[in-house]
Amino acid sequence: MIKAAVILAAGKGSRMMERTKDRPKGSLAVDEKPIIEHSIAKLLACGIEKIVIGTGYKHDWYEQLAARYPQIRCVYNPHYPESGSMYTLLMLKDHIQEDFLLLESDLLYEKNALCVLLEQDRADVILAGSFSRSGDEVFIETDDSHHLVNLSKDREKLRRLDAELVGISKLSLSTYRKLCRYAEAILPANLGLDYEYALVGIAREVELYVQKLSDLAWCEVDDEDHWTRAVEVIYPIIKAREAIPAPVQRNILLNPGPATTTDTVKYAQVVPDICPREEAFGEVMTYLAAELTRFVADPAEYATVLFGGSGTAAVEAMISSAVGEGMLLIVNNGAYGMRMCRIADIYGLSYVAYNSPADDAIDLAALETFIQSSLQPIRYLAIVHSETTTGLLNDIGAVGEICRRHGIVMLVDAISSYAAIPIDMKAMHIHYLAASANKNLQGMAGVSFVIARRDQMEASRLIKPRNLYLHLYDQYQYFAKTSQMRFTPPVQTLYALKQAILETKWEGIEARYRRYCDAWETLIAGITRLGLTHLVPIQHHSKLITAIREPSVEGYNFQEMHDYFYRRGFTIYPGKLEGQHTFRVANIGAITHRDMERFLGLLEQYLQEIRLKNPPA
Ligand SMILES: *Cc1c(COP(=O)(O)O)cnc(C)c1O
């Protein structure tokens with residue numbers, strides 16, 4: 001049982017001197033508490049009884065801290081300006097008589113990081129996370145048994161990249177002594193040596209196991225960018241995770257949204273009752289609107305307008321509010337393109353549908369010719385980005401370019417692509433874009449939104465309103481003035497959306513798409529192995545949802561297959577394309593390729609079972 005911890009806190013924090021000119025980095029407060037005290041509270045909660053802090057820069061501050069904690073001893077390194085963290089660690093020799101946890105003072109991390117190290121049977125363990133892209137990472141190279149081989153801030157110097165150093169380790173007393181002997185032999189010539197490189201120095205002698213936690217919420221604060229990210233993204237995630245009362249049964253939704261959510265998003269809805277007209281709630285919505293915009297555009301030029309309602313509400317708001325006099329062209333290559341035609345019909349808009357095959361890319365030259373030869377000039381063009389009917393991904397960048405050439409206002413239904421496939425509204429020449437909370441954002445159903453160019457929305461006030469609730473300009477105007485929605489918003493759903501946005505920022509949209517693509521590739525390899533085929537060619541595939549041709553097995557029935565999966569915690573979706581017998585599997589939400597592997601295992605079992613029940617005659 002580990003009872004001791006060592007915190008290395010001598011460094012000066014010279015890359016954030018504005019904040020650290022009169023105090024050490026560990027004293028910087030997050031949520032009104034110094035970051036080192038967040039760490040101390042977690043250590044004590046995990047049964048640590050003795051904490052030694054190696055101090056240097058502004059050591060008085062730590063001594064005052066120690067006066068409040070009987071468990072803390074401070075040891076001062078007077079050579080801190082010239083020495084690295086290994087020298088500080090060496091100075092603690094007289095105080096370290098047992099196995100211990102070793103931490104850096106400028107870390108924010110979730111408690112699970114400590115639990116994992118403490119529960120590990122191995123004596124020497126180095127904690128690693130997945131890549132934080134902080135710009136200051138220490139990368140780790142390990143051998144095939146996950147033992148430390150090398151570390152570097154320069155990825156080129158490593159033969160392979162396995163993980164990123166977090167800055168929390170568990171060391172046995174004997175390893176610590178080896179580390180000291182190693183350091184003493186090369187000091188003082190290497191006074192600036194940091195402890196992690198000393199670990200590399202003994203890695204041939206001692207097995208230092210690298211424990212990777214790819215989902216760990218943590219960060220180090222070395223500069224202003226880290227600090228902003230720590231306060232705005234990482235800390236709120238840590239706090240939400242640690243507040244989870246109990247895990248919720250995890251169902252894997254392979255339908256195209258609502259998608260599987262994290263427990264932190266689920267629990268974010270449990271908040272004190274609040275009237276949405278209060279200023280505090282206005283601040284929440286203002287944050288949501290700005291961040292939702294920022295994922296795809298600059299909030300100075302574009303704005304997000306929120307609506308209570310499913311994704312179709314946003315599409316309907318966009319089409320009914322943005323299209324004025326002049327012809328609308330709707331690209332129709334699936335059920336969602338068709339839905340936009342339905343909306344245009346109902347509102348009596350002048351529109352023409354441009355029909356394109358549901359299982360192949362749009363012929364861009366033909367589309368442009370169609371636009372050029374239209375008797376009435378095309379003023380607006382509406383298109384679905386990722387056609388959920390089939391998984392076909394429309395090239396909105398190229399279509400945007402056509403719109404730019406012909407002075408056409410472009411409207412995009414990006415409900416199934418937003419927050420997974422990177423979109424740049426300005427570069428893609430998109431004026432209006434509709435999306436919703438419950439697909440790749442991994443939030444709850446009930447909120448959707450339109451993101452639009454502010455000047456375009458201002459201009460749209462001249463269009464005679466066609467509806468009340470879904471009127472984009474009125475909603476935009478009212479929100480800009482009051483930070484309120486005109487009508488009652490889904491309050492709790494918006495709190496969940498806030499958490500979902502944080503988690504999206506934390507993961508990053510590109511990394512999220514990579515995770516989805518991993519799951520998709522697993523799916524495609526799996527169905528191919530089982531002899532099934534999919535409709536849309538890979539080069540035009542969204543890799544978010546796949547229409548799979550139904551198995552030609554006697555006794556197959558979609559509803560029975562659905563129920564088979566449902567009973568086992570997986571939800572699949574029927575096909576939607578006329579004349580084609582397909583079912584659909586989405587790979588979005590808080591899932592990974594491992595969930596997809598479990599799904600494929602069940603699919604194989606199901607197909608075997610119906611084959612056994614229906615032997616060929
Ligand atoms: C999900 C989705 C919608 C909206 O559907 P709702 O059921 O109203 O949420 C619209 N367009 C596309 C492409 C979609 O995938």
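May I ask you to list pairs of residues, at least six apart or on different chains, whose Cβ atoms are under 8 Å apart, with the first in the range 197-225 being in a loop (DSSP other than H, G, I, E, B) and the second being surrounded by fewer than 20 Cβ atoms within 10 Å (Cβ to Cβ) and of a type in the set (Asp, Glu)?
What qualifies is Asp222/Asp136; Asp223/Asp136.
For the range 412-419, state whether one or more residues are in contact with a Phe, Trp or Tyr (Cβ under 7 Å, 6 or more places away or on another chain), of a type in the set (D, E, K, R), surrounded by fewer than 16 Cβ atoms within 10 Å (Cβ to Cβ) and at pLDDT 95 or above.
no
Okay, residues lined up against (1) surrounded by 15 or more Cβ atoms within 10 Å (Cβ to Cβ); (2) among the hydrophobic types (A, V, I, L, M, F, W, C):
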{"site": "Leu535", "(1), (2)": "yes, yes"}
{"site": "Ile538", "(1), (2)": "no, yes"}
{"site": "Ser542", "(1), (2)": "yes, no"}
{"site": "Glu550", "(1), (2)": "yes, no"}
{"site": "Glu560", "(1), (2)": "no, no"}
{"site": "Asp563", "(1), (2)": "no, no"}
{"site": "Arg567", "(1), (2)": "no, no"}
{"site": "Glu578", "(1), (2)": "no, no"}
{"site": "Ala590", "(1), (2)": "yes, yes"}
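Residues that are more than 16 Å from the ligand (Cβ to nearest atom) and either among the basic types (Lys, Arg) or assigned to a helix (DSSP H, G or I) (or both): does the range 272-279 have at least one? So that I can check it myself, show each step before the final result.
The initial filter retains those residues of the range 272-279 that are more than 16 Å from the ligand (Cβ to nearest atom), namely 272-279.
Still in the running and either among the basic types (Lys, Arg) or assigned to a helix (DSSP H, G or I) (or both): 277, 279.
Checked the range 272-279: at least one residue is more than 16 Å from the ligand (Cβ to nearest atom) and either among the basic types (Lys, Arg) or assigned to a helix (DSSP H, G or I) (or both).
Any residue at all in the range 382-396 that is open to solvent by less than 50 Å² (accessible area, probe 1.4 Å), closer than 30 Å to Ile572 by Cα, of a type in the set (Asp, Glu) and in contact (Cβ under 8 Å) with a residue 24 or more places away in the chain?
yes
Is it fair to say Thr304 is assigned to a helix (DSSP H, G or I), more than 16 Å from Ser386 (Cα to Cα) and in the same structural domain as Val384 (by TED's automatic domain parsing)? Step through it out loud before you land on a result.
Working: assigned to a helix (DSSP H, G or I): no; more than 16 Å from Ser386 (Cα to Cα): yes; in the same structural domain as Val384 (by TED's automatic domain parsing): yes.
No; evaluated as a whole, the condition is false for this residue.
Being away from the ligand (no atom under 16 Å from the Cβ) and under 14 Å from Gln442 (Cα atoms) is true for just one of Lys239, Lys266. Which residue is that? Before the answer, list the steps.
Values: Lys239 fails: under 14 Å from Gln442 (Cα atoms).
After ruling out the rest, the residue left standing is Lys266.
Looking only at residues in the range 311-328 that are farther than 13 Å from Ala382 by Cβ and within 9 Å of the ligand (Cβ to nearest atom), which one is most open to solvent (accessible area, probe 1.4 Å)?
Thr312
List the number of the failed condition for Tyr469; all other conditions in (1) more than 16 Å from the ligand (Cβ to nearest atom); (2) surrounded by fewer than 17 Cβ atoms within 10 Å (Cβ to Cβ); (3) assigned to a loop (DSSP other than H, G, I, E, B) hold.
Of the numbered conditions (1) more than 16 Å from the ligand (Cβ to nearest atom); (2) surrounded by fewer than 17 Cβ atoms within 10 Å (Cβ to Cβ); (3) assigned to a loop (DSSP other than H, G, I, E, B), the odd one out for Tyr469 is (1).
Taking the range 141-163, which residues are of a type in the set (D, E, K, R) and buried (at least 16 other Cβ atoms within 10 Å of the Cβ)?
The initial filter retains those residues of the range 141-163 that are of a type in the set (D, E, K, R), namely 141, 143-144, 153-157, 159-160, 162.
Glu141, Asp162, listed by residue number.
Residues in the range 240-259 that are at negative phi and surrounded by 15 or more Cβ atoms within 10 Å (Cβ to Cβ): how many? Spell out how you get there, then give the answer.
As a first pass, look at the range 240-259 and keep what is at negative phi: 240-256, 258-259.
Of the ones still in play, those that are also surrounded by 15 or more Cβ atoms within 10 Å (Cβ to Cβ) are 240-241, 252-256, 258-259.
Selection size over the range 240-259: 9.
Let's see how each residue does on (1) within 14 Å of Ala590 (Cα to Cα); (2) of a type in the set (A, V, I, L, M):
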residue: Tyr432; (1), (2): no, no
residue: Ser436; (1), (2): no, no
residue: Leu441; (1), (2): yes, yes
residue: Glu458; (1), (2): no, no
residue: Gln477; (1), (2): no, no
residue: Arg486; (1), (2): no, no
residue: Ala500; (1), (2): yes, yes
residue: Arg514; (1), (2): yes, no
residue: Asp518; (1), (2): yes, no
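Could you tell me which numbered condition Gln442 fails, if it satisfies all but one of (1) away from the ligand (no atom under 15 Å from the Cβ); (2) buried (at least 20 other Cβ atoms within 10 Å of the Cβ); (3) closer than 25 Å to Arg229 by Cα?
Status for Gln442: all satisfied but (1).
Please work out if Arg486 is assigned by TED's automatic domain parsing to the domain that holds Thr293, open to solvent by 10 Å² or more (accessible area, probe 1.4 Å) and without any contact (Cβ under 8 Å) to a residue 40 or more places away in the chain. If you could, list the steps in order and put the result at the bottom.
On the way: assigned by TED's automatic domain parsing to the domain that holds Thr293: yes; open to solvent by 10 Å² or more (accessible area, probe 1.4 Å): yes; without any contact (Cβ under 8 Å) to a residue 40 or more places away in the chain: yes.
When the stated conditions are applied, Arg486 passes them.
Restricting attention to the range 71-119, and to residues there that are under 19 Å from Ile168 (Cβ atoms), part of a strand (DSSP E or B) and of a type outside the set (A, V, I, L, M), which single residue is most open to solvent (accessible area, probe 1.4 Å)?
Glu104
The values are calculated or read from the model by the stated rules, or taken from the named source; none is laboratory data. Since the structure is predicted, the reported quantities are computational estimates derived from the model, not experimental observations. So basically every Cβ, Gly included, is an ideal-geometry build from the backbone, and we count neighbours across all protein chains shown. Note: accessible area is taken over every heavy atom of the protein model, side chains too, but ligands, DNA and RNA are not part of it. Shrake-Rupley method; radii C 1.70, N 1.55, O 1.52, S 1.80 Å.
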